[in-house]
Amino acid sequence: MRRSVPLIPTIIVILAVLVMIALGMWQLERRHEKEAMLALAAANPARPAVAFPALPPVPPEILFRPSSVHCLRVVGWQAEAGRARDGSMGYRHIAQCATGAEGPGVLVALGVGQRPDERPRWNGGQVAGWISEEPDHRALLTRIGGHALPLRPMLIAREAPAGLKPLAPPSVQDVPNNHLAYAVQWFFFAAVAVAIYLLALRRRNKPPADSP
């Protein structure tokens, strides 16, 4: 019996595998870019202060640079896992601040507390600290595909209000560099797609069992 390979399904699988490989290679390129960005950011905390960026993304040149903002009023709070300056862990309290009648406002990480539901006794004012980025809650597949929205800038306060511990200064160790893992995932997906299709072809072309 002549064995055949279906043309259209084969083309679709080949194109899908090529796309996955291309995404994996792109993630490897992103990895090298991220490493260069982190090397630049590592020295930024000791550099002179700069103006706080109004909109995302945060350029690598100013990530972790000293800066300051003026919070007119607090319009909301959020709590995330965080580390205090003394090394203890807790909940990092982030104030969502209005900075004027219009505009995007600003996020300020004020300090670390022991409970996620506590509300710091702070209503706004001038805050000095370091430029960082908001916590990353973007979907994994969105980040892998490179279609996620950029993270908003956030100020890490140098000092904490009463009732909270000061936050640990920003460090490149806190910035994930997962591009190698993403690349491996795409290559794995491509290998799985090829294996599944080869198994499907083998089953399709398997000679029928002889009837008794």
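The values are calculated or read from the model by the stated rules, or taken from the named source; none is laboratory data. Given the structure is predicted, the values throughout are model-derived calculations rather than measurements. Note that we place each Cβ from the backbone using ideal geometry, even for glycine, and neighbour counts take in every protein chain shown. Only protein heavy atoms, including side chains, enter the accessible area calculation; ligands, DNA and RNA are left aside. Shrake-Rupley method; radii C 1.70, N 1.55, O 1.52, S 1.80 Å.
Of all trypsin sites (Lys or Arg not before Pro) in the stretch 110-181, which ones are in loop regions per DSSP and have a Cβ with at most 11 other Cβ atoms within 10 Å?
Values: sites: 121, 138, 143, 158; in loops: 121, 138, 158.
Answer by residue number: 121.
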Cα centroid separation, the stretch 1-59 to the stretch 150-212 (Å): 12
Dimensions (Å) - the stretch 44-91, Cα atoms, principal axes, largest first: 29, 28, 18
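Distances longer than 22 Å among the Cα atoms of the stretch 93-175: what percent of all pairs is that?
34
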Under Karplus coefficients 6.51, -1.76 and 1.60, residue-wise ³J(HN,Hα) of the stretch 9-18 in Hz, glycine/proline x: x, 5, 4, 4, 5, 4, 5, 5, 5, 5
Sites residue 147 and residue 47 - FRET efficiency at Förster radius 30 Å, r taken between beta-carbons, to 0.05: 0.40
D (Stokes-Einstein, µm²/s), Kirkwood Cα radius, the stretch 1-58, 1.002 mPa s at 20 °C: 134
Residue-by-residue Karplus 3J(HN,Hα) for the stretch 84-97, coefficients 6.51, -1.76, 1.60, Hz, glycine and proline x: 7, 4, 7, x, 6, 9, x, 10, 7, 9, 10, 8, 9, 9
Alpha carbon convex hull of the stretch 71-212, volume per residue in cubic angstrom: 194
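Set the Förster distance to 45 Å, then compute FRET efficiency between residue 8 and residue 39 from the Cβ-Cβ distance, nearest 0.05. Write down the numbers at each step before the final one.
Values: r = 48 Å, r/R0 = 1.06.
Efficiency computed from Cβ-Cβ geometry: 0.40.
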Carbon and sulfur %, accessible surface of the stretch 90-185 computed with the full protein complex present, 1.4 Å: 52
Inter-probe distance in nm under a simple model that places probes 7 Å from Cα toward Cβ, at residue 198 and residue 89: 4.3
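For the chain, which span is the longest to avoid every loop-located (per DSSP) member of GluC sites (Glu not before Pro) having at most 16 other Cβ atoms inside 10 Å? The partial results should precede the final answer.
Numbers: sites that count: 61, 102, 118, 159.
Excluding the exposed sites themselves, the longest stretch runs over 1-60.
Using only alpha-carbon positions, what ratio does the radius of gyration of the stretch 64-107 give when scaled by 2.2 N^0.38 Å? Write down the numbers at each step before the final one.
On the way: Rg = 12.8 Å, N = 44, 2.2 N^0.38 = 9.3 Å.
Normalised by 2.2 N^0.38 Å, the Cα Rg of the stretch 64-107 equals 1.38.
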